[in-house]
Amino acid sequence: MIIIGIGLILYGYFSFKYSDRWATNANKHKSGTRFPEWFSLLIKSGAVLFIITGILLIVSYLLVLK
């Protein structure tokens, strides 16, 4: 459970850090597909949710062990 929590935190961190780059790369790959400006904000909010979920998973696992 701790490994899954750490994985969620890391995935959320990298998603948050590189969300602008992923949004611009997605627009460059297919010329017919244009994502809106708020697309990177959507990635960032999802990344924050992953980080919160990972932290809650680790905390709940540690509380159950006690």
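Flag: Val59 matches the condition of being at pLDDT 90 or above, loosely packed, with under 12 Cβ neighbours inside 10 Å and within 21 Å of the chain's Cα centre (by Cα). Within the range 33-56, the set of residues being at pLDDT below 75 and open to solvent by less than 80 Å² (accessible area, probe 1.4 Å) comprises Thr33, Phe35.
The values are calculated or read from the model by the stated rules, or taken from the named source; none is laboratory data. The model shown is predicted, which means the values in this text are computed figures rather than measured ones. Using ideal geometry, Cβ is built from the backbone for each residue, glycine included, and neighbour counts are taken over all protein chains shown. Ligands, DNA and RNA are stripped out before the accessible areas are found, and what is left, the full protein with its side chains, is counted by its heavy atoms. Shrake-Rupley method; radii C 1.70, N 1.55, O 1.52, S 1.80 Å.
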